[in-house]
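The values are calculated or read from the model by the stated rules, or taken from the named source; none is laboratory data. Everything quoted here is computed from the prediction, not taken from an experiment. Positions of Cβ are backbone-derived with ideal geometry, glycine not excepted, and every protein chain shown enters the neighbour counts. Please note that ligands, DNA and RNA were not included when accessible areas were found on the heavy atoms of the full protein model with its side chains. Shrake-Rupley method; radii C 1.70, N 1.55, O 1.52, S 1.80 Å.
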Amino acid sequence: MENAVGLNAAQMDFLRLLGHFTTVEQVDELRKVVCDYYARKVDEAMDKLWEEGKWDNEKNEAILKEHLRTPYYAK
């Protein structure tokens, strides 16, 4: 089957899986599972950074104090 949308094989498999869901609740449950998966991956990556000494409380504090909003100027 030709993939006209430009998705890779893993993305196409995921879409096929979604075709078996019949309720919004099932999709919501899968969304939670996927979100939990990515949250776990972020936790693992952060743990690795801490263990390797590439992240510490000083960096945490610096990020908490950093101003990241885009400034808007009146015209």
Selection from region 14-34 of residues that are under 19 Å from the mean Cα position of the chain (by Cα), open to solvent by 80 Å² or more (accessible area, probe 1.4 Å) and not aromatic (Phe, Trp, Tyr) | Leu15, Glu29, Arg31, Lys32, Val33
Inspect all residues belonging to region 1-10 and state whether any of them is surrounded by 10 or more Cβ atoms within 10 Å (Cβ to Cβ), more than 20 Å from the chain's Cα centre (by Cα) and not small (Gly, Ala, Ser).
-> yes
May I ask you to list the residues in region 43-75 that are under 30 Å from Leu15 (Cβ atoms) and either among the hydroxyl-bearing types (Ser, Thr, Tyr) or open to solvent by less than 90 Å² (accessible area, probe 1.4 Å) (or both)?
-> Ala45
